[in-house]
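The values are calculated or read from the model by the stated rules, or taken from the named source; none is laboratory data. Please read all numbers here as calculations on a predicted model, not as lab measurements. Virtual Cβ from ideal backbone geometry, glycine too; neighbours counted across all protein chains shown. Remember, those area values only see protein heavy atoms, side chains included, never the ligands or the DNA or RNA. Shrake-Rupley method; radii C 1.70, N 1.55, O 1.52, S 1.80 Å.
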Amino acid sequence: MSASEHERAPVDVGSTLAAMSQATSKVQVFRYSAATWNTHRIHYDKDYAVAEGYPDVLVQSHLHGALLARYCTDWAGEEGRLISLGLRVRRFALAGETLNVVGVISAVALAGERARVTLDLAETRGSDGEVCVTASASVEIPASRLAGDAGGGPG
Amino acid sequence: MAIDGALIAGLQAQVGVEHVELLGEISAEMIGRYAAAVGESNPLYSDAAYARSRGYADVVAPPNLLAAVINWGPGAPYDRLRDDGTEAEKHLPGVPSQGVRVMGGGEEMTFTRPVVAGAVVTRSTVLAEVGERSGTQGPMLVLRYSDHYRDGAGAVLMESVRTVLLR
């Protein structure tokens with residue numbers, strides 16, 4: 001879903017937002033380690049990862065966080081802002097795994113021309129549907145998005 | 001070293017002690033590389049002209065960049081890396097570099113101000129809380145570290161509260 005489609009979707013407590021799917025790769029995990037100067041072998045050395053009890057190298061916890069942040073900022077759009085993100089990594093994801101992120105609106109608070117929306121987020125592994133990360137985010141958006149302007153779209 | 005009275009006393013002595021570190025300047029190149037690694041397509045992170053059209057002086061960092069960088073310096077010589085590739089001398093205040101198992105227990109980030117390229121960032125770290133918990137594999141300590149990232153003017157850019165589990 002594009003940012004403009006997000007901005008047409010209704011903002012109601014209990015609404016499930018459109019999911020985001022991200023295919024990770026060993027190249028991505030390597031680049032992320034390089035960009036963050038993360039030298040931990042668990043992210044690039046399969047022999048080491050196997051010795052630690054994993055089938056292969058792992059996605060970094062901060063890369064999980066970055067994907068969740070991206071999901072929130074995409075939903076917030078140009079006029080919105082990510083205020084906070086709290087997350088807990090519950091299961092590992094192997095580099096190469098497809099990660100699916102989905103959010104549910106759990107609270108909406110109006111403050112003048114802005115609205116603060118709480119999103120409950122889950123990131124699951126595409127291979128088996130297991131939850132890798134649970135998170136809660138606070139996102140500020142223009143209050144005009146609460147007006148139910150569905151832009152002529154369904155529902 | 002196991003979870004014992006000496007370790008707990010050492011940690012409690014660190015509670016509230018502030019450790020300040022100058023991380024350096026956040027460059028547009030660093031931001032661009034981080035955004036590319038994540039797979040971001042938001043032009044705010046890569047297109048200075050677009051960022052200026054949105055009211056920023058330069059490109060803006062993705063929200064969790066500051067928290068994600070593991071090492072802000074050049075890195076230790078190879079003979080001072082652990083078997084797992086991490087630095088032997090980089091450790092959390094109060095936590096010994098060997099003998100305990102350190103696990104991440106979650107992170108809560110609050111993004112107060114945008115991090116714009118050119119910002120010179122300082123981080124202060126405080127061990128805020130030491131808790132004990134009995135786990136299935138013996139005693140466990142639950143530590144909460146509070147990191148504040150500030151710009152050159154001292155304004156808070158971001159706060160991160162990390163939960164760290166020791167076993």
Original post:
With heavy atoms of protein chains only and a 1.4 Å probe, what residues of the stretch B:44-85 have at least 20 Å² less accessible area in the full set of chains than alone?
Top reply: B:Tyr50, B:Arg54, B:Pro63, B:Asn64, B:Ala68, B:Val69, B:Ile70, B:Asn71, B:Pro74, B:Asp83, B:Asp84, B:Gly85
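Given contacts defined as C-alpha pairs under 8 Å and at least six residues apart, what's the relative contact order of the stretch B:5-166, whole-number percent?
Details: 281 pairs, mean separation 44.1, N = 162.
That works out to 27 percent.
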Original post:
Of the heavy-atom accessible surface of the stretch B:5-166 (probe 1.4 angstrom), what whole percent is carbon and sulfur?
Top reply: 50 percent
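Roughly how large is the A-B contact in terms of buried accessible area, totalled over both chains, probe 1.4 Å, nearest 100 Å²?
2600 Å²
Could you sort A:Trp37, B:Trp72 by their accessible area in this structure, using a 1.4 Å probe and putting the largest first?
Numbers: A:Trp37 115, B:Trp72 45 Å².
From most accessible down to least: A:Trp37, B:Trp72.
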**OP:** Select from B:Tyr145, B:Tyr45, B:Tyr78 the residue whose mean-square fluctuation is largest in a Gaussian network model of chain B (Cα-Cα springs shorter than 10 Å).
**Re:** B:Tyr78
**OP:** Can you send over the solvent-accessible area of A:His62, 1.4 Å probe, protein chains only, in Å² to the nearest 10?
**Re:** 40 Å²
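Which whole-number percent gives the relative contact order of chain A, counting Cα pairs below 8 Å spaced six or more residues apart?
On the way: 301 pairs, mean separation 44.6, N = 155.
Computed value for chain A: 29 percent relative contact order.
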**OP:** Collect residues whose amide H, placed 1.01 Å from N in the peptide plane, falls under 5 Å from the amide H of A:Ala93; neighbours closer than 5 in sequence don't count.
**Re:** A:Val59
Subject >> For the stretch A:1-83: span of alpha carbons on each principal axis (Å, largest first) >> reply: 48, 24, 20
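Using only alpha-carbon positions, what ratio does the radius of gyration of the stretch B:14-67 give when scaled by 2.2 N^0.38 Å? Please list the in-between numbers first.
Values: Rg = 14.1 Å, N = 54, 2.2 N^0.38 = 10.0 Å.
After normalising by residue count via 2.2 N^0.38 Å, the value is 1.41.
Across peptide A:79-90, how many C-beta atoms of other chains are within 10 Å of each residue C-beta, on average?
The per-residue average across the peptide is 5.
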Original post:
What number, rounded to the nearest 500 deg cm²/dmol, is the helix-based mean residue ellipticity at 222 nm of the protein assembly as shown, given -39500 (n - 2.57) per DSSP H run of at least four residues and division by all its residues?
Top reply: -6000 deg cm²/dmol
Subject >> Residue (of A:Tyr48, A:Gly80, A:Val102) at the positive-pole extreme of chain A, dipole from beta-carbon charges >> reply: A:Tyr48
**OP:** Keeping all protein chains in position, work out how much accessible area B:Glu25 exposes to a 1.4 Å probe, and write it in Å² to the nearest 10.
**Re:** 110 Å²
Subject >> Intensity falloff of chain A expressed as log10 I(q)/I(0), Debye formula with alpha-carbon point scatterers, at q = 0.09, 0.15, 0.18 Å⁻¹ >> reply: -0.33, -0.79, -1.01
Original post:
Any idea what the alpha-carbon Rg over 2.2 N^0.38 Å comes to for the stretch B:5-166?
Top reply: 1.18
Original post:
So how strong a dipole does chain B carry about its Cα centre when Lys and Arg Cβ are +1 and Asp and Glu Cβ are -1, to the nearest 20 debye?
Top reply: 200 debye
Subject >> Inter-centroid distance (Cα atoms) of the stretch A:125-149 relative to the stretch A:58-92, Å >> reply: 9 Å
**OP:** Mind grabbing the accessible area of A:Ile83 for me, 1.4 Å probe, Å², rounded to tens?
**Re:** 10 Å²
